[in-house]
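The values are calculated or read from the model by the stated rules, or taken from the named source; none is laboratory data. Note that the structure is a prediction, hence the values are computed from the model and not measured. No Cβ is skipped: glycine too gets one built from the backbone with ideal geometry, and neighbour counts run over all protein chains shown.
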Amino acid sequence: NWVCIAQYESNFNTAELGPPNPDGSRDWGIFHINDRYWCNPGDGRPSENVCQVSCQSLYTDDITAAVTCARQIIRTQGFAAWNTWNNNCGRGANVPSIDDCN
């Protein structure tokens, strides 16, 4: 699930910043975490900042903050919080196994 989300959201690019969403929010980092709800964009736009983290910290090669925040999203909404998971990864999608990867 995690690898599938990272692939479809950012193509594994930790410095990915999505284009503005219709509501003006943006999606940050490898998991495209939304700044309206989960992180503080730092530019004065309102954010619930549920993960209590700056969006800039989700935008680096150190994915610790991104994983911690993504786990918070999973606890709150499940993998279905990501449209890409719904469309490409979950609900019977034929996703190749990576169980044998080291």
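Considering only residues that are hydroxyl-bearing (Ser, Thr, Tyr), buried (at least 16 other Cβ atoms within 10 Å of the Cβ) and over 11 Å from the mean Cα position of the chain (by Cα), look in the range 52-66 and name the one that is nearest to ILE30 (Cα to Cα).
Initial filter on the range 52-66 (hydroxyl-bearing (Ser, Thr, Tyr)): 54, 57, 59-60, 64.
Still in the list and also buried (at least 16 other Cβ atoms within 10 Å of the Cβ): 54, 57, 59.
Within this subset, residues satisfying the condition of being over 11 Å from the mean Cα position of the chain (by Cα) are 54, 57.
Working: SER54: 15, SER57: 11 Å.
So the residue we want is SER57.
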Worksheet item: Out of all the residues in the range 46-73, which are at pLDDT 95 or above and of a type in the set (Val, Ile, Thr)?
Response: VAL50, VAL53, ILE63, THR64, VAL67, THR68, ILE73
